[in-house]
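So the structure is just underneath, and the comments pick up after that.
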């Protein structure tokens, strides 16, 4: 398997203007923000419609209002983050497993927004989702051009579990910080990349993994055999700062600097050999019917990861393979899947793996290349949005399959 080699082309186009000035025709951030706004607006309308229709099977005379719909999004992890924002980490031994950046932001914005902590959580999640779409557009534009950038953000928002970016989870916040760190590194802004990486490790433990793709991109830029060490290499040391800060908090407030790790035991999280979680997921379908929720959940988790890994392989070989200078994106996604296939939670192996797949930017970038043809583009969007409607409705009625 080989990677293509070719320099990226993202130079703005300029033409002479009157009186000797120049006019920039390509305004990358303006284009990214407008594209993000279009995707966010269209998919938000679709999600609200699906969420309202999810009430129909319940029967009765009750007509859901906007508040009822929003409360329907406050399930599973979303409720835990809101509780932590309101009451802190002394709610129970399992709560330190939820990292502090998102609930801290909820608590900060709660006094400024009407409707309580839930509304604050939804506003932050949607603001972060909008930012994620804009940053991903810039990253994709930088790597593959504006048309691929448009498709990339549509595919992310239309992914079957893409609604988790817009409800009260920390998914969009974590992805925003991770992608921003990667994009800053790609542009050579190392201190910014390190600071964003530090924030990401305060949002989720596996923000620490950013050190690897950042280090690879750093070495690529300065040369694989550098003659001297530059001061900005210290920026990579900022990535663990978020986790270290949380550890200090746990020591002071909870009496154990590893309380966040111990808390994982409360949720039955265990680690196995690479690929072991995939095998366990398929084994858990044994003895259950095909349409049994246990079977559907296991196939959803394992199937999503297998499809995503297949797409990642296309980043390395075939007509859609990435260039050599884009290897940091492949490594970033590969690390995410390595973690997913070694993690088991409670009685359900690979729980939430279909949601965590959203973090692998390389998957959506290669999809954008595949979707260059009109038929492929329409197929990806229709299948993605149809499945997302089903999964969102399932989530709204409290089913455990896509939690």
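Given the residues 318, 373, 310, which is the only one that is on the phi > 0 side of the Ramachandran plot and surrounded by fewer than 18 Cβ atoms within 10 Å (Cβ to Cβ)?
Details: 373 fails: on the phi > 0 side of the Ramachandran plot; 310 fails: on the phi > 0 side of the Ramachandran plot.
Step by step, each of 318, 373, 310 is checked, and only 318 is on the phi > 0 side of the Ramachandran plot and surrounded by fewer than 18 Cβ atoms within 10 Å (Cβ to Cβ).
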Legend entry - Qualifying residues in the range 11-58 (those that are crowded, with 16+ Cβ neighbours inside 10 Å and in a loop (DSSP other than H, G, I, E, B)) - the one modelled with the highest pLDDT: 54
Inset, instruction - For residues that are in a loop (DSSP other than H, G, I, E, B), more than 19 Å from the chain's Cα centre (by Cα) and in contact (Cβ under 8 Å) with a residue 40 or more places away in the chain, tally how many sit in the range 91-106. - result: 3
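In the range 361-379, how many residues are in contact (Cβ under 8 Å) with a residue 60 or more places away in the chain and outside any helix (DSSP H, G or I)? Step through it out loud before you land on a result.
Quick first cut of the range 361-379, residues in contact (Cβ under 8 Å) with a residue 60 or more places away in the chain only: 361, 364-365, 367-369, 371-372, 377.
From what's left, outside any helix (DSSP H, G or I): 371-372.
Residues in the range 361-379 being in contact (Cβ under 8 Å) with a residue 60 or more places away in the chain and outside any helix (DSSP H, G or I): 2 in total.
Let me confirm something: among 173, 205, which residue is on the phi < 0 side of the Ramachandran plot and at pLDDT 95 or above?
Numbers: 205 fails: at pLDDT 95 or above.
That would be 173, the only listed residue that is on the phi < 0 side of the Ramachandran plot and at pLDDT 95 or above.
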Inset, instruction - Would you check which residues across the range 329-360 are on the phi < 0 side of the Ramachandran plot, in contact with a helix residue (DSSP H, G or I) (Cβ under 7 Å, 6 or more places away or on another chain) and part of a loop (DSSP other than H, G, I, E, B) and list them? - result: 341, 342, 351, 360
Legend entry - Matching residues in the range 59-74 - criterion: being under 11 Å from residue 48 (Cβ atoms), at pLDDT 70 or above and part of a loop (DSSP other than H, G, I, E, B): 73
Inset, instruction - Could you list all residues from the range 231-246 that are over 16 Å from residue 211 (Cα atoms), surrounded by 12 or more Cβ atoms within 10 Å (Cβ to Cβ) and more than 22 Å from the chain's Cα centre (by Cα)? - result: 245
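From 193, 235, grab the single residue that is closer than 30 Å to residue 162 by Cβ, part of a helix (DSSP H, G or I) and out of contact with any strand residue (DSSP E or B) (no Cβ under 8 Å at 6 or more places or on another chain). Explain how you work it out, then say what you get.
Working: 235 fails: closer than 30 Å to residue 162 by Cβ.
Being closer than 30 Å to residue 162 by Cβ, part of a helix (DSSP H, G or I) and out of contact with any strand residue (DSSP E or B) (no Cβ under 8 Å at 6 or more places or on another chain) holds for just one of 193, 235, which is 193.
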Inset, instruction - Residues being assigned to a helix (DSSP H, G or I), within 11 Å of the chain's Cα centre (by Cα) and either at pLDDT below 95 or closer than 24 Å to residue 98 by Cβ (or both): count how many of those fall in the range 118-162. - result: 5
Legend entry - Members of the range 260-294 that are more than 26 Å from residue 80 (Cα to Cα) and assigned to a helix (DSSP H, G or I): 276, 278, 279, 280, 282, 283
Inset, instruction - Please go through the range 217-254 and pick out each residue that is within 16 Å of residue 183 (Cα to Cα) and in contact (Cβ under 8 Å) with a residue 60 or more places away in the chain. - result: 217, 220
Legend entry - Matching residues in the range 366-394 - criterion: being farther than 30 Å from residue 70 by Cα and in contact with a helix residue (DSSP H, G or I) (Cβ under 6 Å, 6 or more places away or on another chain): 366, 367, 368, 370, 371, 376
Legend entry - Residue satisfying condition, being surrounded by fewer than 23 Cβ atoms within 10 Å (Cβ to Cβ) and within 17 Å of residue 200 (Cβ to Cβ), within set 136, 104, 112, 122: 104
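The values are calculated or read from the model by the stated rules, or taken from the named source; none is laboratory data. Remember, predicted model here, so these are calculated numbers, not experimental data. Don't worry about glycine lacking a Cβ; one is built from the backbone with ideal geometry, like all the others, and counts go over all protein chains shown.
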